[in-house]
Amino acid sequence: MTNNPTSPDSKSDTTSNTTPTASEARVEEIHLPPTASHAQLQWDEQGQPLSTLFDDVYFSKESGLEETRWVFLHHNRLAERLSELSPGDSFVVGETGFGSGLNFLAAWECWQNHAPADAHLHFVSVEKYPLPKKDLFKACALWPELSEFSQVLIQHYPRYLAKGFHRLNLSDCHRSVTLTLIVDDAISGLKALLANEHPAFIGPFAGRAVDAWFLDGFAPAKNPQMWQPELFSTLASLSHSGTTLATFTAAGVVKRGLADAGFTLKKVPGFGRKREMLTAFMTEPPARPAAETFKQAAYSSANPIPWMDLDKTSTEHLSTSQYAAPKDCTVAIIGAGLAGATTARALAERGFNVDVFEQHAAPGAEASGNPQGVLYTKPSHKEETLAQFNTQALQFAERFYTPFWADTQQYFGERCGVLHLAHSDKLHQLYEQVAAYYGSHQDLLEWVDANQASRIAGIPLEHAALYFPYAGWLSPPRLCESLLCHPNIRTRYSQNIRSIQRLETKEKSNHTHHWQIVDKLTNPIATAAIVVVATANQTPFFPFAADLPLKPIRGQVSMANASPTSAALKTVLCGDGYIAPAQSINASGQHTDAIDSIHCLGATFDLKSTDPQVRPEDHQRNWDNLHTSSPELAESLTCNGEGRVAFRCTTPDYLPLVGPAPISDEFKTRFALMSKNARAEIPLTGAYYPGLFMNVGHGSRGLAYTPICAELIAAYINGEPNPIGKPTSDALHPARFLIRDIKRRKS
């Protein structure tokens, strides 16, 4: 195993058809890529892997699968506990050391055999040195009896194993399975699941949600850095009364660490020639430290910030035992664009009844209504939250859209790749740095010269480019329509919602409807326990969101009939604008019977104009932008007169607002001291409207951002493990600008 993040990785079994040409001279001038080192293996004569870094095996040479079944499944009573679940229940397994994936595959098999229909398994595993896909494939071949599960895992396994969270939804039509693979060291990775370490914290997934621990990893003598007291205390913080634990080792450091963390231990016979192993259970998780003994500054970068967490009042709609909303409650989603449709689908697939309210007569009628949208993120070589979230969102979106791209009947779009053209010296230098930053990870992106870009595109190009081989384009209106087609989703169109009113009631049942939906004529039209606002630029019209800094940006797309030159275009080109391959679609994204195919190109970027009308001068701007990317292509096309105007919804930091809706006035009261001292110790949580969430501000990256953001909203509501890690979810949190303004004395 190597500690060099820039060492070349072998390509996975799925590759692109070009060769990268990144400038090696720039590698030493920039930061290392944000990826953990891959596991470096030796394979013995039996074809079993050995870690060369830890000089240790991944599993028993006698029978790795039987060892897993004995140590982790049997001693966590997994089959028995899964058979006791009710339909719709969830079960969370936490693991240290994903390794070859054997424990996960065995748990998945057990789940398939014993869990009831419509139950949901969450398997959360942390791994500092993940196996590349080719090695995972080789390891999984050792257990042909698990091939039903390993084939699905390999299909969804991340192409680019960036440091951080990777959420894989592996569900079939009967039983849902979600793997959250955290690429990080065990302590840091698990701590990113903790909602907060501040003693004032109360909230969903409050570090009490893991039902069974698989404490695996290389032996304590081989890997002492992992088996630290902080690991065991973190396990305890992520446990609840009744959580069980099993581990292959009975080493003293493990026994002492677990006991000190509050686990009750028992020695039992180990597997094969191993004499002893440990099992444990949690009777009562240790109490959090009192506020006066909490030494770290509450708002330091080293400590999670309590204002992002919900107080008790904010969680009234949630079950007190599992911090999850009951499945028979109604969730109302306002807005049927990409944010609303993906959120509705995520909740419906978890068993919630979802009502979607849309002011237009069809979904995807505003910014999500362009005929062709590009799966687009802005690549960067900087280690900043925006760049890291872009990479995380892009990989999740590529997996999310795979079945839509594969659907040849309805035809939602094409996974045709996306070329980001370096049409200026500044972009050329930047993209070379980005390519060097990501190294040999060609399955995510690669640097191609002009000749290679031309072969990929199918037309002559003058510029080098960054190539994203697994991206492409989709029709957002058709996508929204399909996402909303689910038996648990009811759509209500032509509903102009202008108010959400909290219902005051003495009834504190989880089934209480807390919110009343009111139309523009002040008529109440529905009630719901939970509301998700996905209304983009309309959001500030709701009084609770009036202080949030959302801003509209006008964009116009243009349509052009395909020419003999443009008909050869095989991929999306992105420069100052974009153009997608020609299709038989109209300006609304619907397929037509027209003989001539058309292109969609755009879009303009206008911060000042609010004009909703299509303008000839903006058609010209789109052609001028295309000419910068490809003069030959631009000269071969003429506008057919059709176009479309929409308004992107963005935020000052270009990250969306995703999470619980803050009570602005209460924030200003609770954290007023921060206007005088930005680092003041204020041991209070944030104040949030119970059962009210937001998913807005995705800008021009709606196709990339909305799938993972919908997953985050569903995790909040359903009490699931955080799909992106708390540091990232905090960066998307709707309260972040309130705190910023308090510190700047703007509120």
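Here is how the numbers come out for the structure above:
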quantity	calculated
Top-ranked residue of region 661-720 - restricted to ones that are under 21 Å from ILE500 (Cβ atoms) and without any contact (Cβ under 8 Å) to a residue 24 or more places away in the chain, ranked as surrounded by the most Cβ atoms within 10 Å (Cβ to Cβ)	GLU666
Every residue from region 376-435 that is of a type in the set (Val, Ile, Thr) and modelled with pLDDT of 95 or more	THR402, VAL418
Residue check for VAL614: assigned by TED's automatic domain parsing to the domain that holds PRO734, over 30 Å from GLY458 (Cα atoms), modelled with pLDDT of 95 or more and not small (Gly, Ala, Ser)	no
Residues (at pLDDT below 90 and assigned to a loop (DSSP other than H, G, I, E, B)) located in region 632-682	THR638, PHE671, LYS676, ASN677, ALA678, ARG679, ALA680, GLU681, ILE682
Residues located in region 164-178, provided they are of a type in the set (D, E, K, R) and modelled with pLDDT under 90	ASP172, ARG175
Number of positions in region 47-63 that are aliphatic (A, V, I, L, M) and touching a Leu at 6+ places or on another chain (Cβ under 9 Å)	2
Those residues of region 445-468 which are out of contact with any Ser or Thr (no Cβ under 6 Å at 6 or more places or on another chain) and buried (at least 22 other Cβ atoms within 10 Å of the Cβ), in sequence order	LEU445, GLU446, ALA453, HIS463, ALA464, ALA465, LEU466, TYR467, PHE468
Residue within region 569-585 that is without any contact (Cβ under 8 Å) to a residue 12 or more places away in the chain and not in a loop (DSSP other than H, G, I, E, B) present	no
The lone exception for CYS416 - which of (1) in a helix (DSSP H, G or I); (2) closer than 30 Å to VAL152 by Cβ it fails	(1)
Residue ID - surrounded by the most Cβ atoms within 10 Å (Cβ to Cβ), chosen from residues in region 473-492 that are in contact with a Pro (Cβ under 8 Å, 6 or more places away or on another chain) and either basic (Lys, Arg) or closer than 19 Å to ALA528 by Cα (or both)	LEU484
Selection within region 349-361 - touching a His at 6+ places or on another chain (Cβ under 9 Å) and at pLDDT 95 or above	VAL354
Among (1) assigned to a helix (DSSP H, G or I); (2) in contact with a helix residue (DSSP H, G or I) (Cβ under 6 Å, 6 or more places away or on another chain) - the single one GLN429 does not satisfy	(2)
Complete set of residues in region 353-373 that are surrounded by fewer than 24 Cβ atoms within 10 Å (Cβ to Cβ) and hydrophobic (A, V, I, L, M, F, W, C)	ALA361, ALA362, ALA365
Pairs where the first residue, in region 229-251, is assigned by TED's automatic domain parsing to the domain that holds MET282 and the second is part of a strand (DSSP E or B) and small (Gly, Ala, Ser), C-beta under 6 Å, 6+ apart	THR244/ALA212; LEU245/ALA280
Pairs, first modelled with pLDDT under 70 in region 270-290, second small (Gly, Ala, Ser), C-beta under 6 Å, six or more apart	PRO286/ALA236; PRO286/GLY262
Hey, PRO371 farther than 28 Å from LYS163 by Cβ and in a loop (DSSP other than H, G, I, E, B) or not	yes
Criterion: basic (Lys, Arg) and either part of a helix (DSSP H, G or I) or closer than 18 Å to GLY97 by Cβ (or both) - qualifying residue of LYS267, LYS222	LYS222
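Here's the yes/no breakdown for (1) in a helix (DSSP H, G or I); (2) farther than 23 Å from PRO403 by Cα:
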site: PHE98; (1), (2): no, yes
site: ASN103; (1), (2): yes, yes
site: ASN113; (1), (2): yes, yes
site: VAL126; (1), (2): no, yes
site: PRO130; (1), (2): no, yes
site: GLU148; (1), (2): yes, no
site: PRO158; (1), (2): no, no
site: THR180; (1), (2): no, no
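Conditions tested, residue by residue: (1) without any contact (Cβ under 8 Å) to a residue 24 or more places away in the chain; (2) out of contact with any helix residue (DSSP H, G or I) (no Cβ under 8 Å at 6 or more places or on another chain).
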position	(1), (2)
SER424	yes, yes
ILE456	no, yes
ALA465	no, no
PRO469	no, yes
LEU483	no, no
ASN496	no, yes
LYS520	no, yes
THR527	no, yes
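The values are calculated or read from the model by the stated rules, or taken from the named source; none is laboratory data. Keep in mind that this is a model prediction, so the values were computed, not measured. All Cβ positions, even for glycine, are placed from backbone atoms using ideal geometry, and neighbour counts span all protein chains on display.
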